[in-house]
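Peer 1: Structure below; questions to follow.
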Amino acid sequence: MVSMRISLTGDGEMFGRGGRKLADMGPLYKQVGTLLLSQAGERLTRVLKMEEAGVRSGRLAASLTQGDPHNIYEQGQNSVRVGTNLAYAAQVQYGGTIYPREGRALAIPLVDRLKRDELWPRDLGPSRELLEYVPGKAGRAPVLIDPTGELGYGEGPLYALVASVTQEARPYLYIDDQTETVIGEDLWPAFLLGLG
């Protein structure tokens, strides 16, 4: 068990106002939740190195904004829970190995525009007639190409086909020292003074 005792001296009315504020900390938790989601979005950009690669986070970044159908934002009087329910969000946060369904391969986009637009082979050719399978040679993965360039992404390899992909953890949703400082030195005092 951990306990803490606080003795207060000074303006009794001020402490009464403070006690009433502490009975409903919802406004503070709303600010904390907004801060956590904002920081997660900024970190996501960094951990995925999207600026360098010219790749956007697409649905994952959008899911970190309130109002998005994949956003988790649950606020109570004395708590807030934030996150995203996208299936691959945990893969980015914690890392791990991805396997395809049995009898299939994972298609890895090799063209930045395909990554940005989040297009997969089934999106380009549901009938499987536009992309051509080219077996891998000398230890290289097989690829899918657009032999005519008709799709507008070039005639070279568009996707590599692999049996699995192992990704390292790239955490983006957490509370760090900077977050604690903002909460403790900015949000909390402003809330107590009635400014937040």
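Read-outs throughout are calculated quantities, based only on the coordinates presented, and are distinct from any laboratory measurement. Everything numeric in this text was worked out from a predicted model, so none of it was measured. Every residue, glycine as well, gets a Cβ built from its backbone with ideal geometry; the counts of neighbours run over all protein chains shown.
Peer 1: Mind ranking 91-101, 29-39, 59-69 by how tightly packed they are, going by the mean number of other C-beta atoms within 10 angstrom, highest first?
Peer 2: Working: 91-101: 13.6, 29-39: 18.5, 59-69: 16.2.
Descending packing order for the listed peptides: 29-39, 59-69, 91-101.
Peer 1: Once phi is turned into θ = phi - 60°, what whole-Hz ³J(HN,Hα) does the Karplus curve with 6.51, -1.76 and 1.60 give for every residue of region 168-182, x standing for Gly and Pro?
Peer 2: 7, 5, 9, x, 9, 10, 6, 10, 10, 4, 4, 4, 4, 5, 4
Peer 1: Still on this structure, I have one more. Taking amide H positions as placed in the peptide plane 1.01 Å from N, state which residues far from Gly125 in sequence (5 or more) or on other chains have amide H under 5 Å from it.
Peer 2: Residues meeting the criterion, in which the H sits 1.01 Å from N, do not exist here.
Peer 1: Describe numerically, in nm with one decimal, the distance between label points set 7 Å from Cα along Cα→Cβ at Val162 and at Arg128.
Peer 2: 2.3 nm
Peer 1: Here's another thing I want to ask about it. Taking the number of other C-beta atoms within 10 Å as the exposure measure, put Asp146, Asp177, Asp123, Asp186 in order starting with the fewest. Before the final figure, lay out the partial values.
Peer 2: Working: Asp146 20, Asp177 7, Asp123 10, Asp186 14.
Least crowded to most crowded, the residues run Asp177, Asp123, Asp186, Asp146.
Peer 1: Say each of Leu106 and Arg170 gets a label point 7 Å from the Cα, pointing the same way as Cα to Cβ; how far apart are those two points in nm?
Peer 2: 1.3 nm
Peer 1: Then there is this: Once region 97-166 is represented by equal point scatterers at the alpha-carbon sites, with solvent omitted, what log10 I(q)/I(0) does the Debye formula produce at q = 0.26 Å⁻¹?
Peer 2: Taken in order of the listed q values, log10 I(q)/I(0) reads -1.33.
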